[in-house]
Amino acid sequence: MKLKKYMIAAALIMTALLPTTAKDKGNNTERVYMFGFAASFNDTIVHFTEIHPVDSVVLNKKTKFLEGREGYSSQLRNYMAQQMQMPHRTCVVFYDCKLGRLQKTFLKMKRLYTPEKKNKSSHNDVRTIGTDEFRFKAVDTNITTE
């Protein structure tokens with residue numbers, strides 16, 4: 001009887017460790033709009049990428065949460081380190097299925113770092129990375145996970 005319980009437990013553990021794919025998790029592929037933000041605590045330079053569409057992005061069906069989001073942040077971080085010679089940047093990716101909603105988020109973020117004419121209390125140097133310089137590429141979430 002104990003052997004049977006151990007075998008069932010081992011079988012459950014083995015199925016939990018099997019590789020999973022995006023389709024196994026109940027996710028679907030969509031086109032989203034995306035922009036990135038890169039900053040460092042060591043200086044006042046902040047970078048924004050332009051908003052652009054990214055095809056074949058995997059979103060969780062239930063939550064609409066972006067799968068493989070660390071891969072998109074890594075793309076921007078690698079670009080900043082290699083092309084711009086600005087390593088150790090904190091990179092964040094913003095996305096939405098609707099362009100209008102993402103544009104509102106983009107403007108809100110830019111206002112946080114851009115000083116107003118009357119109140120120049122912000123000392124940030126805001127720079128834009130054009131789509132001719134950098135574009136996000138879809139991350140393959142079909143890579144096995146443990």
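Only the coordinates and a few stated rules stand behind these numbers; no lab work does. Fair warning: this is a prediction, and the values are worked out from it, not measured in the lab. Here the Cβ is made from the backbone with ideal geometry for all residues, glycine too, and neighbour counts use every protein chain on show.
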Notebook entry, point to check: Can you name every residue in the stretch 40-55 that is in contact with an Asp or Glu (Cβ under 8 Å, 6 or more places away or on another chain) and either in a strand (DSSP E or B) or closer than 15 Å to residue 134 by Cβ (or both)?
Noted result: 45, 46
Notebook entry, point to check: Identify, please: which residue in the stretch 93-108 is surrounded by 15 or more Cβ atoms within 10 Å (Cβ to Cβ) and aliphatic (A, V, I, L, M) and is, among those, farthest from the chain's Cα centre (by Cα)?
Noted result: 102
Notebook entry, point to check: Looking at the stretch 108-121, is at least one residue within 24 Å of residue 29 (Cβ to Cβ) and out of contact with any helix residue (DSSP H, G or I) (no Cβ under 8 Å at 6 or more places or on another chain)?
Noted result: no
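Answer yes or no as to whether residue 30 is assigned to a strand (DSSP E or B) and surrounded by fewer than 17 Cβ atoms within 10 Å (Cβ to Cβ). Give the steps one after another, and end with the answer.
Values: assigned to a strand (DSSP E or B): yes; surrounded by fewer than 17 Cβ atoms within 10 Å (Cβ to Cβ): yes.
Against the criterion (assigned to a strand (DSSP E or B) and surrounded by fewer than 17 Cβ atoms within 10 Å (Cβ to Cβ)), residue 30 qualifies.
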Checklist line | Condition broken by residue 87, with the remaining ones in (1) touching a residue at least 12 places away in the same chain (Cβ under 8 Å); (2) loosely packed, with under 12 Cβ neighbours inside 10 Å; (3) out of contact with any Gly (no Cβ under 8 Å at 6 or more places or on another chain) satisfied | finding: (1)
